[in-house]
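Step one of this worksheet: look at the structure below.
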Amino acid sequence: MILIAIGVFFAYTKLKLNNSMVGLVLAHSTLALPMVLIVISAGLRSYDMNQERVARSLGASRSKAFFIITLPQIRFSIITGALLAFIVSFDEVIVALFITGGKMSTITRSMFLALRDQIDPTIASISTIMVLITTIALILAQIFGQSKDK
């Protein structure tokens with residue numbers, strides 16, 4: 001990851017994207033894109049294209065058929081891809097260290113620098129909140145996952 005961060009830093013230096021929101025979003029999107037594509041393509045493998053063809057043959061436009069037929073069938077893949085992209089972006093400190101600074105910073109970069117520079121209870125409270133949110137999300141996933149099986 002350090003080599004990617006160095007490469008992004010040098011490329012962004014030439015493009016004048018260091019320390020910018022556009023550069024940060026572009027770098028994090030580029031890092032998360034492969035995982036999102038893998039998850040959504042796996043969801044599309046189980047999708048039956050014939051259903052969309054039937055909807056279109058019955059008069060639905062391409063966009064209406066997508067939103068009514070296709071999207072509900074692949075929604076879990078899209079949600080999973082979005083969560084994976086968020087987790088990858090949230091976990092990425094190294095790239096943020098190289099391409100951001102000052103007020104343009106991610107929360108993980110700020111936490112890393114705060115741990116390095118000072119002892120502050122804010123980091124412990126943010127970590128506790130993150131663990132609670134993760135625990136609640138896992139409990140909800142188990143509850144809703146079991147209700148679908150019955």
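The values are calculated or read from the model by the stated rules, or taken from the named source; none is laboratory data. Because the structure is predicted, anything quoted here is derived from the model rather than measured. Every residue, glycine among them, receives a Cβ derived from its backbone with ideal geometry; neighbour counts consider all protein chains shown. The accessibility values were calculated without ligands, DNA or RNA, using every heavy atom of the protein model including side chains. Shrake-Rupley method; radii C 1.70, N 1.55, O 1.52, S 1.80 Å.
If you check 26, 15 for being open to solvent by 90 Å² or more (accessible area, probe 1.4 Å), at pLDDT 90 or above and among the hydrophobic types (A, V, I, L, M, F, W, C), only one passes: 15. Of the candidates 115, 44, the single residue that is part of a helix (DSSP H, G or I) and over 28 Å from residue 8 (Cα atoms) is 44.
Just a yes or no: is a residue in the range 128-139 open to solvent by 80 Å² or more (accessible area, probe 1.4 Å), at pLDDT below 90, within 19 Å of the chain's Cα centre (by Cα) and within 22 Å of residue 22 (Cα to Cα)? Scanning the range 128-139 turns up no residue that is open to solvent by 80 Å² or more (accessible area, probe 1.4 Å), at pLDDT below 90, within 19 Å of the chain's Cα centre (by Cα) and within 22 Å of residue 22 (Cα to Cα).
Scanning the range 40-60 for residues that are closer than 30 Å to residue 97 by Cα, open to solvent by less than 40 Å² (accessible area, probe 1.4 Å), touching a residue at least 40 places away in the same chain (Cβ under 8 Å) and among the hydrophobic types (A, V, I, L, M, F, W, C) turns up nothing. When 90, 76 are checked against the criterion of being in contact (Cβ under 8 Å) with a residue 24 or more places away in the chain and not in a loop (DSSP other than H, G, I, E, B), a single residue qualifies: 76.
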